[in-house]
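J.: Sharing a structure below in structure tokens format, with a few things to ask.
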Amino acid sequence: MPQPVLRWLAGLLMLVSGLEAAAEDSVDLVVYGGNAAGVAAAVQAARLGASVVLLEPGPALGGLTAGGLGATDVGDKRMVGGLAREFYRRIHDHYASAGAWSRESRADYLPRHPLNVTEATRQFWFFEPHVATRILEDLLREAKVVVHRRARLDRANGVRRTGTRLTALTLLDGRTFRAPVFIDATYEGDLLAAAGVTFALGREANRQYGETLNGIRFSNESRTAAVDPYVRPGDPASGLLPRIAARAPGAEGEADSGVQAYNFRVCLTDVPENRLPFERPARYNPLEYELLLRSLQGRTAAPGPQLFTLTPMPNRKTDTNNRELFSTDYVGRSHGWAAASYEERDWLWQEHKDYTQGMFWFLAHDPRVPEETRRAVGRWGLARDEFPETGHWPFQLYVREARRLVGEYVITEHDARRRTTVPDPVAFASYALDSHAVGMFVDSAGKLRLEGTFFENIRAFPLSYRALVPRRGECTNLLVPVCLSASHAAYGSIRMEPVFLMLGQAAGAAAVLARRAGCDVQELPYATLRDRLLQDGAVLAVPRLVAPESAATGPASEAAIAAINRLHGAGFFATAEASVSAWRNAARPGAASEAWRSVGLIIAAAQRFDRLCASLTDATRILATRGCRLDNAYWVAREDPAATARGEAVAELLVALAAAFP
């Protein structure tokens with residue numbers, strides 16, 4: 001092509017690019033981060049009439065919600081409102097159609113997991129990644145939100161501000177976006193860090209906020225003591241296996257910079273025509289799986305599918321997550337993610353992928369792995385019809401935690417245990433306080449230890465609007481719905497995708513209302529925000545549980561009372577919420593009580609034997625090995641926090657649990 005024509009085309013391209021930049025240069029709101037929270041923030045603001053630009057630094061929208069985490073960690077389903085409820089309702093309506101089912105029928109799927117649907121409110125909690133992507137993109141398109149993918153902030157020089165107000169963001173490609181209000185919806189808190197506001201990274205000491213779950217936490221040595229940590233078993237001179245530290249990171253309860261492990265929520269299938277067999281990664285190191293192998297070899301029973309979760313999604317797919325001690329969590333390699341450059345994050349992303357892909361390959365092919373396990377793992381593979389742009393691998397690494405804002409209010413363990421009064425709730429969290437392992441180390445006796453885990457069931461607790469905003473003297477037009485102001489302990493419950501959807505919606509509403517009022521985000525009257533959120537379907541108070549009419553016919557049996565006393569003596573009923581008298585009432589024949597208390601007791605009992613236990617399914621399995629056999633079907637059906645339990649069932653449960661603690 002002649003040079004004059006090329007110059008003319010180049011000039012035309014520059015003109016068009018300039019017109020596009022001018023059209024998007026100044027808007028009412030810039031949302032940085034296109035995960036579920038960012039989508040909810042942008043959609044809410046646009047529905048309120050604002051012009052919105054959504055900037056996603058990665059290749060795809062939706063974050064974990066569209067990136068493989070289809071088994072929604074929801075806690076109390078009654079507390080899911082607003083755009084989050086709309087999202088899960090659209091999921092429900094999608095799967096109500098026969099056309100949504102290509103590999104199995106709806107009738108075949110539903111019995112495979114008891115928690116996947118709430119018909120009373122038309123919400124479907126488990127879904128395929130591409131379905132979540134389509135619904136989130138539908139929401140954005142309907143709201144006319146302008147979206148830019150691969151829009152990476154210039155984290156060193158890209159934030160402009162005047163006084164306490166941000167004025168513009170510049171991307172690495174030079175594009176600049178101006179707005180009166182900004183939202184940082186990233187999992188990493190990149191915008192808040194670039195804006196210079198105060199944040200925490202790692203774990204606070206327990207004493208900082210008077211907590212019990214924060215700081216360094218050692219796991220029970222009995223779980224890992226039998227797994228040799230050295231390259232040559234029994235030979236310290238041979239060196240430690242990968243990612244094991246030579247000593248503890250510090251004293252229990254003290255602060256450090258450690259971050260809980262990340263992983264991928266991989267979408268697998270066992271349908272032959274849709275299954276891509278596991279491939280050996282180019283950077284394959286079998287030593288990475290030596291701990292897993294030694295753990296397998298030390299078991300008396302073949303582990304089969306116990307190595308990682310295979311939570312069923314529609315159409316014979318899975319949401320595959322970490323399970324047991326050594327699994328898909330890449331323990332020890334998450335610590336540097338938040339502060340890493342984009343290039344370093346790309347490397348860490350690939351390193352996590354290589355580890356996980358290599359683990360699947362190892363379990364399916366290494367001859368040292370028990371044959372039954374190799375067969376069980378080898379029948380699975382990546383789903384061919386998911387994530388085509390990233391080689392059928394999830395685009396989103398599960399960044400469970402990174403930076404956390406230190407804002408106008410810090411949510412702590414005291415809030416999670418409902419020991420505080422929160423006058424300005426914008427959403428509720430209700431999942432357990434949950435942290436995955438942070439690291440591995442060798443103790444003074446030369447034994448392998450895990451560090452950093454906790455899992456404690458809680459009731460729904462309110463999240464303050466003030467936790468979404470920085471301190472007044474630092475920034476007055478920024479909202480942070482994901483890396484909000486919370487301690488590590490409290491963040492363990494908050495960090496769930498339904499909560500992020502609700503917090504994103506609250507941030508989007510607050511941004512528009514503050515803009516209209518001409519006030520700083522810290523000065524927005526809560527009543528104004530509350531009324532808007534309630535109009536848009538938010539749940540800002542715990543609904544009263546209407547239990548069936550209690551028809552108790554008398555006191556609890558002597559056996560139940562003896563069991564309650566034994567469990568009390570073992571330290572199970574230390575709090576007022578779980579008092580001896582409450583359990584005596586719950587165990588009366590004909591009584592009806594909140595089932596979540598009994599489910600929590602089952603998990604707490606199992607945690608006495610396995611501190612890493614984090615689900616009712618695992619708890620019943622662990623207790624069964626101790627001779628405590630429960631009515632699993634009955635209690636699994638009562639995992640919903642709104643469910644009730646019969647007095648006779650509670651009494652039977654108490655007697656069975658007490659027998660495990662003679």
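J.: Among the residues in the range 577-592, are any within 28 Å of the chain's Cα centre (by Cα) and either surrounded by fewer than 18 Cβ atoms within 10 Å (Cβ to Cβ) or at pLDDT 85 or above (or both)?
T.: yes
J.: Which condition does ASN322 not pass, out of (1) closer than 21 Å to ALA226 by Cα; (2) surrounded by fewer than 20 Cβ atoms within 10 Å (Cβ to Cβ); (3) touching an Asp or Glu at 6+ places or on another chain (Cβ under 9 Å), if it passes all the others?
T.: (2)
J.: Is it true that ALA205 is closer than 30 Å to TYR491 by Cβ and among the hydrophobic types (A, V, I, L, M, F, W, C)?
T.: Yes, satisfied.
J.: Looking at (1) in contact (Cβ under 8 Å) with a residue 24 or more places away in the chain; (2) closer than 22 Å to LEU192 by Cα; (3) buried (at least 16 other Cβ atoms within 10 Å of the Cβ), which is the only condition VAL145 fails?
T.: Going through the list (1) in contact (Cβ under 8 Å) with a residue 24 or more places away in the chain; (2) closer than 22 Å to LEU192 by Cα; (3) buried (at least 16 other Cβ atoms within 10 Å of the Cβ), VAL145 breaks only (2).
J.: Exactly one condition in (1) at pLDDT 95 or above; (2) among the aliphatic types (A, V, I, L, M); (3) out of contact with any Ser or Thr (no Cβ under 9 Å at 6 or more places or on another chain) is false for ALA364; which is it?
T.: (3)
J.: For PRO272, indicate whether it is over 28 Å from SER493 (Cβ atoms), out of contact with any Asp or Glu (no Cβ under 7 Å at 6 or more places or on another chain) and either modelled with pLDDT under 95 or aromatic (Phe, Trp, Tyr) (or both).
T.: On the way: over 28 Å from SER493 (Cβ atoms): yes; out of contact with any Asp or Glu (no Cβ under 7 Å at 6 or more places or on another chain): yes; either modelled with pLDDT under 95 or aromatic (Phe, Trp, Tyr) (or both): no.
Taking the combined requirement at face value, the residue does not satisfy it.
J.: Test VAL117 against the stated conditions and say whether it is in contact with a Leu (Cβ under 7 Å, 6 or more places away or on another chain), in contact (Cβ under 8 Å) with a residue 12 or more places away in the chain and β-branched (Val, Ile, Thr).
T.: So VAL117 fits the description; yes.
J.: If you don't mind, there's one more thing I want to ask. Quick one: which residue in TYR330, TYR342 is in contact (Cβ under 8 Å) with a residue 60 or more places away in the chain and closer than 23 Å to PRO277 by Cβ?
T.: Working: TYR342 fails: closer than 23 Å to PRO277 by Cβ.
Checking each option against the conditions leaves just TYR330.
J.: Being part of a helix (DSSP H, G or I) and surrounded by fewer than 16 Cβ atoms within 10 Å (Cβ to Cβ) is the filter here; which residues of the range 209-239 pass it?
T.: Hits for the range 209-239 are GLU221, SER222.
J.: From the list ARG78, ARG103, pick out the single residue that is surrounded by 17 or more Cβ atoms within 10 Å (Cβ to Cβ), on the phi < 0 side of the Ramachandran plot, of a type in the set (D, E, K, R) and part of a loop (DSSP other than H, G, I, E, B).
T.: The conditions single out ARG103.
J.: Can I ask one more? Report yes if THR176 is surrounded by fewer than 18 Cβ atoms within 10 Å (Cβ to Cβ) and in contact with an Asp or Glu (Cβ under 6 Å, 6 or more places away or on another chain), otherwise no.
T.: no
J.: Determine whether the range 329-349 contains at least one residue that is part of a helix (DSSP H, G or I) and under 17 Å from PRO286 (Cα atoms).
T.: No.
J.: Right, ALA619: outside any helix (DSSP H, G or I), at negative phi and surrounded by 21 or more Cβ atoms within 10 Å (Cβ to Cβ) or not?
T.: no
J.: Specify the residue that is surrounded by the most Cβ atoms within 10 Å (Cβ to Cβ); the eligible residues are those in the range 354-375 that are out of contact with any helix residue (DSSP H, G or I) (no Cβ under 8 Å at 6 or more places or on another chain) and either basic (Lys, Arg) or closer than 20 Å to ARG283 by Cβ (or both).
T.: THR356
J.: Now for a separate question. Those residues that are closer than 20 Å to ASN263 by Cβ and in contact with a helix residue (DSSP H, G or I) (Cβ under 6 Å, 6 or more places away or on another chain), I need them from the range 73-90; list them, please.
T.: Listed by number, the list holds a single entry, VAL74.
J.: Here's another thing I want to ask about it. Look through LEU501, LEU513 and report the one residue that is in contact with a Leu (Cβ under 7 Å, 6 or more places away or on another chain), within 19 Å of LEU540 (Cβ to Cβ) and surrounded by fewer than 24 Cβ atoms within 10 Å (Cβ to Cβ).
T.: Just one listed residue meets the conditions, LEU513.
J.: Considering ALA427, ALA432, ALA338, ALA437, which residue is of a type in the set (Gly, Ala, Ser) and either out of contact with any strand residue (DSSP E or B) (no Cβ under 6 Å at 6 or more places or on another chain) or farther than 30 Å from PRO249 by Cα (or both)?
T.: Details: ALA432 fails: either out of contact with any strand residue (DSSP E or B) (no Cβ under 6 Å at 6 or more places or on another chain) or farther than 30 Å from PRO249 by Cα (or both); ALA338 fails: either out of contact with any strand residue (DSSP E or B) (no Cβ under 6 Å at 6 or more places or on another chain) or farther than 30 Å from PRO249 by Cα (or both); ALA437 fails: either out of contact with any strand residue (DSSP E or B) (no Cβ under 6 Å at 6 or more places or on another chain) or farther than 30 Å from PRO249 by Cα (or both).
Testing whether each residue is of a type in the set (Gly, Ala, Ser) and either out of contact with any strand residue (DSSP E or B) (no Cβ under 6 Å at 6 or more places or on another chain) or farther than 30 Å from PRO249 by Cα (or both) leaves just ALA427.
J.: Mind checking which residues of the range 425-474 are part of a loop (DSSP other than H, G, I, E, B), of a type in the set (Val, Ile, Thr) and in contact with a helix residue (DSSP H, G or I) (Cβ under 8 Å, 6 or more places away or on another chain)?
T.: ILE458, VAL469
J.: Shifting gears a bit: Looking at the range 373-430 only, could you name the residues that are among the β-branched types (Val, Ile, Thr) and in contact (Cβ under 8 Å) with a residue 24 or more places away in the chain?
T.: Across the range 373-430, the qualifying residues are THR373, VAL377, THR390, VAL399, VAL406, VAL410, ILE411, THR412, VAL422, VAL426.
J.: Identify the single condition in (1) out of contact with any Ser or Thr (no Cβ under 9 Å at 6 or more places or on another chain); (2) assigned to a loop (DSSP other than H, G, I, E, B); (3) modelled with pLDDT of 80 or more that CYS613 does not satisfy, given that it satisfies every other one.
T.: Looking at each condition in turn, CYS613 falls short on (3).
The values are calculated or read from the model by the stated rules, or taken from the named source; none is laboratory data. Computed from a predicted structure; not experimentally measured. No Cβ is skipped: glycine too gets one built from the backbone with ideal geometry, and neighbour counts run over all protein chains shown.
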